[in-house]
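The values are calculated or read from the model by the stated rules, or taken from the named source; none is laboratory data. Computed from a prediction, not measured in an experiment: that's the story for all the values here. With ideal geometry, Cβ positions are generated from the backbone for all residues, glycine too; neighbour counts draw on all protein chains shown. Calculation scope for accessible area: heavy atoms of the full protein, side chains included, ligands and nucleic acids excluded. Shrake-Rupley method; radii C 1.70, N 1.55, O 1.52, S 1.80 Å.
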Amino acid sequence: MADRAVTPLFRRMAVIGLGLIGGSLAKTVREKGLAETVVGFDRREDELALGVSLGVIDEAADSLASAVAGADLVVIAVPVQAMASVLASIRPQLSDDVLLTDVGSTKGSFVAAVKDVFGHWPDWVIPGHPIAGSEKSGIAAARTDLFAHHKVILTPADGSRQDLLGRLTALWQGCGATVLTMTVDRHDEVLAATSHLPHLIAFSLVDTLAGEDDNLDIFRYAAGGFRDFTRIAASDPVMWHDIFLSNRDAVLRVIDHFTDDLGALRSAIESGDGDMLLQVFGRAKAARDHFSKMLSGQAYVTNMNQKQVTFKLQAGGTVAGDIRVPGDKSMSHRSIMLGALAEGVTEVTGFLEGEDSLATLQAFRDMGVTIEGPDQGYVRIRGVGLHGLKAPRGPLYVGNSGTAMRLFAGLLAGQDFDSELTGDDSLNKRPMGRVADPLRQMGAVIETGEGGRPPLKIRGGQALKGLHYDMPMASAQVKSCLLLAGLYADGETSVTEPAPTRDHTERMLNGFGFSVERKGATARLSGGGRLTGGAIDVPADISSAAFFLVAASITPGADLMLRHVGVNETRTGIINILKLMGANIEVFNEQEVGGEPVADLRVQHAALKGIRIPEDQVPLAIDEFPVLFIAAVCAEGETVLAGAEELRVKESDRIQVMADGLSAVGIKSTVTEDGIVIVGGQQMKGGQVNSHGDHRIAMSFAVASLRAEGDIEVTDCANVATSFPNFVELAQQVGMRITVEESS
């Protein structure tokens, strides 16, 4: 009997079928003490005896009935085609408190068998599928590490008992697995595409080549890629025979889809259509490189590689050096969008290779645009013109980017095909009515989720009409959304903003040859023009530079140079506000690149003082306020922010989340409806801060550690990669004491 290191989750676990998966689960549960007793049954008596002698199970049952009698967990690990007969045999012996699950590769067939046997889907039956395996089979191949760092998909019904789901989840987590949930139908669709089809192709390819006359040479000289790809053809033929027949409909759909695409590639090769080949290969490479972000809302894919990221920050540190932060995120989004809609080639340098920008790039690939790169910030876009986009095969996933979703909403409202926009969990909680409502006034048909939140379902083929819109709240995203819709509208579209916001869209449209007039607070354009591709140099992002501007300002002895920073006057609120607080920031080498002003910034430590932030500066620094709150803590006197209600609908409620974080490190603040009051001079202490998945919150408290008395831990920091993928490396380079911990 194994040592019991933990409190058992189950009294008696019965495993029916002691192959690789069933045997490995039994052995792992037994060794880790997740069940008091592990009983096994297998029709192969030699396997059953071997299971006892190898310590895989505690007891060997001589029948199905004796195996499940008294068990509070029954795991069926038999071939798919045998499920129904096993269920029928064990039904009379199942106890009242049982949890029944399986480990099969198809879930629809298991649920169908359950309904046939029990007459319905009981709330104590929760299907499961561990995504793990080996070329070896049988109980002798059972391993306690088989499920470690692998995924297990559970497919509960809406009415499944949550207490049982929680215990089953804990069991698999105890085996080292990451547990995901999805519906039965979605599981079978996803697995047909990502597992079943590749196995079918591997079996077919090896069989085809083995039948060639020169098959010996083919296999002798096969490269590593061929061996890697066809390795799965060594899998159990009987098992895959059962899987393909039980998941027939989903497999046939994906085979038909693949056959059509393969036929299109054959035609492209035959006709010498290099553009199409490049488009497909580029799209596929990007999909493979960023596989975890491809299919929104599908837990098996989008969460495959998600990790919990925690920043560990030692108190103190220095800030000195000469650095360039990554390219401007706002301009990176817009360069891809307008380059795709332009005629001809657009070459982008300085592109931000963060997850949000890459999601925008991928979305255009999904709509038929050929894009090369990114490679060290270089992207080459073969534009298709305003009316050249093609309908995507599924929802367009834009990650954590509110900018992308709102701008795409305007752009897609004018297309002749239906589309759907979705994002990660954080973005899908953010309101989109601010763009959906005025777009509807233009004639767009848009369906939102509950509360005006994503996903956004946009009906194509609508005749848009220009409008004049007075924005109730300053927002560059709303303004840009409506201007992009105006490209497709009949007549003039104009937007008046209550306060200046970033004008990258207007500048870039003019750079692409599409006239946008700016007079006072109003921007206007008329539909029916065209965009012409060209070169775009994306400057360093002032929103990313902001963390280092504040870091140097608050750290005694600091002296830092920031290179090639975009200093568009609609974005320099961070510099203006810091200077009003007494910061020592010098501007050098001012120039205009591609219609955008850039400069080098030198910042040194200075004694900051609290101020009442001018409301006309609020829209110009809307993304930088989290780190400005840190500057306010380190200043002498009171800092008051008002008129910043937009902060409450960013990636998080940035006013409240920052106040909570400040409280965690010992700082008192007063939260108002549209701002915050911070009294400077308070000493920050060590503590744990929850960033709530907001990248700017996470980086702001990294800056705070420079003036804290104790170490700070910031949780939920994975989204820093969306806007500033090398933040940690640059922070370490200038002297901040930051390390990263990752966990599944």
Under 27 Å from the Cα of K465 - lysines, other chains or at least 8 residues apart: K390, K457, K479, K519
Cross-link reach list, lysines versus K579, counting only Cα pairs under 22 Å and skipping chain neighbours closer than eight places: K609
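Give me the percent relative contact order of region 19-102, please, defined on Cα pairs under 8 angstrom at least 6 residues apart.
Working: 96 pairs, mean separation 22.4, N = 84.
Relative contact order for region 19-102 comes out at 27 percent.
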Fraction in percent of alpha-carbon pairs per bin - 10 Å, the chain: 3, 13, 20, 20, 18, 15, 9, 3, 0
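Mind pulling up the Rg/Rh value for region 1-116? Radius of gyration and Kirkwood radius, both on Cα. Each step should come with its number before you reach the end.
Values: Rg = 13.3 Å, Rh = 14.0 Å.
Ratio of gyration radius to Kirkwood radius: 0.95.
Assuming a ≥ b ≥ c are the square roots of the Cα gyration tensor eigenvalues, decide whether region 597-744 counts as rounded (a/c under 1.5), prolate (otherwise, with a/b larger than b/c) or oblate.
Values: a/c = 1.28, a/b = 1.26, b/c = 1.02.
Since a/c stays below 1.5, the shape of region 597-744 is classed as rounded.
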Backbone N within region 267-287 under 17 Å of label point (7 Å from E372 Cα along the Cβ vector): 273-286
Relative contact order computed over the chain (Cα-Cα under 8 Å; 6+ residues apart), in percent: 10
Gyration tensor (alpha-carbon) shape descriptor, region 697-738, a/c threshold 1.5: oblate
Accessible carbon and sulfur surface of the chain relative to its total accessible area, %, 1.4 Å: 49
For region 523-596 and region 601-619, distance of Cα centres in Å: 15
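Over region 292-450, what is the relative contact order in percent, taking alpha-carbon pairs closer than 8 angstrom and at least six residues apart? Write out the running numbers ahead of the final one.
Working: 217 pairs, mean separation 32.6, N = 159.
Relative contact order comes out at 21 percent.
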MRE, 222 nm, helices only [DSSP H, n ≥ 4, -39500 (n - 2.57), over the chain, to nearest 500]: -11000 deg cm²/dmol
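In cubic angstrom, how much convex hull volume per residue do the alpha carbon atoms of region 117-257 span?
Numbers: hull volume 21.7 nm³, N = 141.
Here the figure is 154 Å³ per residue.
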Cross-link reach list, lysines versus K685, counting only Cα pairs under 17 Å and skipping chain neighbours closer than eight places: K312, K668
Translational diffusion coefficient (Stokes-Einstein; Kirkwood radius from C-alpha pairs) of region 613-692 at 20 °C, 1.002 mPa s, in µm²/s: 170
Per residue value of the accessible surface for the chain (all protein chains in place, 1.4 Å probe), Å²: 40
